[in-house]
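The values are calculated or read from the model by the stated rules, or taken from the named source; none is laboratory data. Just so it is clear, the model here is predicted, and its values are computed rather than measured. Counting neighbours? That spans all protein chains shown, and the Cβs are built from the backbone with ideal geometry, glycine included. Surface accessibility is based on the protein's heavy atoms, side chains included, excluding ligands, DNA and RNA. Shrake-Rupley method; radii C 1.70, N 1.55, O 1.52, S 1.80 Å.
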Number of protein chains: 2
Amino acid sequence: MKSERKIFADYLVKKNLRETPQRGMILDAFLKIEEHTTAEQLYDIVKKRDNTIGQATVYRVLKLICDAGLAREVDFGDGVMRYEHCYNHPHHDHLVCRSCGKTVEVVDLVIEELQKRVAESFGFELTDHEMYLYGICGNCRHKK
Amino acid sequence: MKSERKIFADYLVKKNLRETPQRGMILDAFLKIEEHTTAEQLYDIVKKRDNTIGQATVYRVLKLICDAGLAREVDFGDGVMRYEHCYNHPHHDHLVCRSCGKTVEVVDLVIEELQKRVAESFGFELTDHEMYLYGICGNCRHKK
DNA sequence: TTGCTTCTGATAATCATTATCATTTATGCG
DNA sequence: CGCATAAATGATAATGATTATCAGAAGCAA
């Protein structure tokens with residue numbers, strides 16, 4: 001099983017892109033974070049190690065990381081794009097608490113299968129999907 | 001069965017808001033459109049009838065129409081908010097063609113039920129959800 | 001009418017993201 | 001090595017949808 005760093009390096013080679021300290025640093029920082037992250041948050045973290053880095057670079061590298069198959073964009077609809085790990089992290093959807101913002105990753109194979117069938121029944125070939133379940137989590141309900 | 005205009009008028013009264021020519025005109029224009037509409041598109045239409053109208057007003061009234069329960073926001077993730085009719089138009093999700101942008105409204109009661117169960121299994125009380133199925137429609141597939 | 005509140009339109013502000021561009025850095029080749 | 005070429009970076013400006021602001025207009029109450 002190849003490491004994320006190796007995959008990224010291979011991706012750069014394949015695309016005739018160069019391995020640079022900034023790219024390495026941003027990838028490392030991203031890999032250390034397990035939660036969903038915004039470009040801004042990642043920028044703040046990386047800046048602590050090297051305050052000459054620009055946020056444009058963070059946006060750029062984040063895009064590369066996605067292309068390399070190591071990250072996935074997640075859009076909770078609040079105007080900020082979030083990124084989550086994608087390697088060895090199979091597809092899933094999100095359950096989001098409307099009150100505290102807590103998120104849980106969920107998968108339901110039956111739902112996935114039904115989605116495919118629904119699409120086919122309209123002549124579509126399903127390529128991907130997004131599903132966000134919004135609700136109130138147990139904690140927040142008990143506080144009231 | 002109350003008309004959309006009546007519902008909107010009642011909503012305005014309930015909220016101590018006024019019925020104005022602009023609000024009437026924007027609502028009428030919105031009701032005439034059956035497809036998903038952006039604020040920009042609606043603004044263009046309304047401007048033809050009254051070119052003194054401001055786009056800020058269109059945004060404002062669109063928000064009122066949503067609050068009144070006559071419209072719903074739809075986010076296809078391309079950075080522009082769309083609005084669709086909501087009254088006498090039961091809940092549904094969207095199937096979107098990645099190639100031509102065509103959209104189809106879909107509902108699957110089994111999926112809906114499973115979503116509720118998934119949420120409950122994590123202690124969440126489901127309030128709402130978003131589901132977008134992306135694929136390639138029959139037309140686009142045949143063109144290749 | 002007079003005062004008061006709400007609405008409106010024009011415009012500026014916002015905010016995440018993207019584009020631009022001059023400078024720096026890396027790489028290949030003679 | 002040294003030069004030529006290409007890619008990467010950081011600072012900053014631009015973008016584009018949406019929101020806030022604010023002065024003037026319009027509706028309502030007494």
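Numerical summary
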quantity: Residue check for residue A:86: within 7 Å of chain B (Cβ to nearest Cβ), closer than 26 Å to residue B:117 by Cα and touching a Lys or Arg at 6+ places or on another chain (Cβ under 7 Å); calculated: no
quantity: Only listed residue being surrounded by 16 or more Cβ atoms within 10 Å (Cβ to Cβ) and either out of contact with any strand residue (DSSP E or B) (no Cβ under 7 Å at 6 or more places or on another chain) or assigned by TED's automatic domain parsing to the domain that holds residue A:20 (or both), chosen from A:87, A:134; calculated: A:87
quantity: Set B:113, B:130, B:120: member being farther than 27 Å from residue B:2 by Cα, facing another protein chain (nearest Cβ under 7 Å) and either within 15 Å of the chain's Cα centre (by Cα) or free of Cβ contacts under 8 Å to residues at least 12 places away in the same chain (or both); calculated: B:130
quantity: Residue in the stretch B:67-81 that is nearest to the other protein chains (Cβ to nearest Cβ), counting only those that are of a type in the set (A, V, I, L, M) and within 10 Å of DNA strand D (Cβ to nearest atom); calculated: B:81
quantity: Residue count, the stretch B:109-125 (criterion: under 18 Å from residue A:130 (Cα atoms), buried (at least 18 other Cβ atoms within 10 Å of the Cβ) and in contact with a helix residue (DSSP H, G or I) (Cβ under 9 Å, 6 or more places away or on another chain)); calculated: 3
quantity: Hey, residue B:48 within 14 Å of DNA strand C (Cβ to nearest atom), open to solvent by 60 Å² or more (accessible area, probe 1.4 Å) and among the charged types (D, E, K, R) or not; calculated: yes
quantity: Test: residue in the stretch A:75-83 that is part of a helix (DSSP H, G or I) and either under 21 Å from residue B:79 (Cβ atoms) or modelled with pLDDT under 95 (or both); calculated: no
quantity: Qualifying residues in the stretch A:89-106 (those that are out of contact with any helix residue (DSSP H, G or I) (no Cβ under 9 Å at 6 or more places or on another chain) and part of a loop (DSSP other than H, G, I, E, B)) - the one nearest to the other protein chains (Cβ to nearest Cβ); calculated: A:92
quantity: The lone exception for residue B:10 - which of (1) away from DNA strand C (no atom under 12 Å from the Cβ); (2) out of contact with any Lys or Arg (no Cβ under 7 Å at 6 or more places or on another chain); (3) closer than 27 Å to residue B:102 by Cβ it fails; calculated: (3)
